[in-house]
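In what follows, a single structure is set out as structure tokens and then discussed.
Rule-based calculations on the coordinates, nothing more; no lab input. As the structure is a computational prediction, the values presented were derived from the model and not from experiment. With ideal geometry, Cβ positions are generated from the backbone for all residues, glycine too; neighbour counts draw on all protein chains shown.
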Amino acid sequence: MDVAYYPGCSLHALAHEYDLSTRLVCERLGINLQEVPDWNCCGATAAHSLDHSLNVALSARNLQLVDYIKMKEVMTPCSGCFSRLKSGVTELQKVSVREEAEATTGNSLVSATDVKVYHLLQLLTEKVDHEKIEELLVKPLQGLKLAAYYGCLITRPKAVVQFDDPEQPTSMDRLLQAVGAETVKWSHKAECCGGGFAISQTDIVVDLGGQVLEAARQAGASAIVVACPMCQANLDTRQRAIEAERARNYDMPIIYFTQLLGLALGYSPKQVGMNRLLTSPNRLLKSMSA
Amino acid sequence: MDVDFYRPMRLNYQNNALQDEIKAACDTDVERCLECGKCSGGCSNAHIFDYVPRKIVQLVKLGDEDRLMHMDALWICVACHLCVDRCPSQINIPSIIDYMRQKAYRQGIRAERTNIELFHELMLGLVKKNGRISEAPLTISFNLKSKQYLKDAGLAPRMFFKGKLNPFSPRVKDISQVRRLFIKNPRLKEV
């Protein structure tokens, strides 16, 4: 299966391990990723906060590049980018919006509006048979009790995204179960971590992220599994601030779902970048091999 | 402009112009509101909003642009979209908030109690310059410009040693294509 790949800015810096593990897992599952050439930042969340036309134009250039390399489907592992590209297509399907964006970008966008946008989790759920993953399983994740955390933008707004349930999603739980892990039932799987406010309004992240950590702890999870670089960064980099605020020691590893899939498919912890997480997953990984 | 946040909301300045404007721009009809409050019950940040989603819908009905453009909720909404997905009438509150924020920005109304607007401007400044962003330079310039010099001083070394901070600025090769998008949309203010 060939699919265009839009990594987004975070996967080239902060979330390098998400990029690494995404590429490894896709390769093992026979998904051929072709990186969108010379892609630009999707603009989240600044562009759609201040200027609607600029926001649409930034997405339009990316979608046009997907069309330029003759691909009909594009996948991104970042929920922010996913939300922007997906709503970009929806916006560009309105003729007046498309014509304005065509004048701005200087390119025809007619066929770009046919591009189908997938989040990586959605691609692995809808396009890959879970039985195939089970066949390729090398190291089952036995003994791991995980909280699958989806955040906001993978499943909402449902009218635009049309994937899984907006508040009680199960796709990541099923993927993790397919590779032998146990997932907990918990209240905050689709609540917000504070999103793009990690730098600009850190107290909101400490507040909302703290609720997510606490809910996962109460459900008995030993790690939170994420599918978004902002969820990972917020819960991992602000964990010490959350611990200080709540006077409780969480020591909760925040791991990308692709890193765990990668382990299960036979890659080493180093290959999937486990060493790059701030809250060390070493104790968790040891409990797995025991 | 000073806004009296304690001014009671009254139907006597009923004005349909804003309602019609929102209907056209956001494809959403506030007249369909059932006043059930599910939007505010689900709202991630209702506990710190000055106006919760249900009140925002009411302000649109009242045509109270003044309050809508000065409220903190414009800037501290996390856009989690719980309100719209819970609304039995599909009223697109995030879209109303986006629309009112952009309108306020065009009129030069700044966020009063947060630096979030400054962050957006700095981020888009980097996108205009390089086409892509990396977190380290953005964080440094934000913390300096918002005068929070030591804010992430403890975190930065931990992230650096994990290889999470990319000191190089990534760039789009054909940057003229990206700058063109900004030139054609000149509303962004340089900071």
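The table for this structure:
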{"quantity": "No Cys partner within the rule (Cβ under 4.7 Å), chain B", "calculated": "B:Cys26, B:Cys33, B:Cys36, B:Cys43, B:Cys77, B:Cys87"}
{"quantity": "Centroid-to-centroid separation of segment A:49-79 and segment B:26-46 [C-alpha atoms, Å]", "calculated": "29 Å"}
{"quantity": "GNM result for chain A, Cα springs below 10 Å: residue of A:Asp51, A:Asp251, A:Asp67 fluctuating most strongly", "calculated": "A:Asp51"}
{"quantity": "Averaged over B:150-158, number of beta-carbon atoms from partner chains that fall within 10 Å", "calculated": "2"}
{"quantity": "Label-to-label distance, nm, for residues given as B:Lys173 and A:Val95 (7 Å Cα→Cβ offset)", "calculated": "3.7 nm"}
{"quantity": "A:Tyr256 long-range amide H proximity, modeled H, under 5 Å", "calculated": "A:Val226"}
{"quantity": "Computed label-point distance, nm, for sites A:Arg28 and B:Asp50 using a 7 Å Cα→Cβ extension", "calculated": "5.2 nm"}
{"quantity": "For B:113-125, mean number of other protein chain Cβ atoms within 10 Å", "calculated": "5"}
{"quantity": "Chain A, helix-only ellipticity at 222 nm - DSSP H runs n ≥ 4, -39,500 (n - 2.57), divided by all residues, nearest 500", "calculated": "-13500 deg cm²/dmol"}
{"quantity": "Cβ-Cβ FRET estimate between B:Asp66 and A:Ala247, R0 fixed at 51 Å, reported to 0.05", "calculated": "0.75"}
{"quantity": "Two-site label geometry, B:Arg187 and A:Gln162: point separation in nm, points 7 Å out along Cα→Cβ", "calculated": "2.8 nm"}
{"quantity": "Dipole magnitude (debye, nearest 20) for chain A, charges at Cβ of Lys, Arg, Asp, Glu", "calculated": "640 debye"}
{"quantity": "Integer Hz, Karplus 6.51/-1.76/1.60 couplings in order for segment A:29-42, x for Gly and Pro", "calculated": "8, x, 9, 8, 8, 10, 5, 4, x, 6, 4, 10, 3, 6"}
{"quantity": "GluC sites (Glu not before Pro) within segment B:25-78: DSSP coil, no more than 12 neighbouring Cβ in 10 Å", "calculated": "B:Glu35"}
{"quantity": "Kirkwood hydrodynamic radius of the protein assembly as shown, from inverse mean 1/r over distinct Cα pairs, in Å", "calculated": "22.9 Å"}
{"quantity": "Nearest 10 degrees, 0 to 90: helix B:135-145 Cα axis against chain B principal axis", "calculated": "70 degrees"}
{"quantity": "Reachable lysines, given that their alpha-carbon falls under 23 Å from the alpha-carbon of B:Lys189 and they are not under 8 places away in the same chain", "calculated": "B:Lys103, B:Lys128, B:Lys129, B:Lys145, B:Lys147"}
{"quantity": "Segment B:87-191: GluC sites (Glu not before Pro) in DSSP loop, at most 14 other beta carbons within 10 Å", "calculated": "B:Glu112, B:Glu190"}
{"quantity": "19 Å reach of a label modelled at A:Glu135, 7 Å along Cα-to-Cβ, counting backbone N of segment A:154-174", "calculated": "none"}
{"quantity": "Other-chain or far-sequence residues with amide H under 5 Å of A:Glu35's (modelled H)", "calculated": "A:Tyr5"}
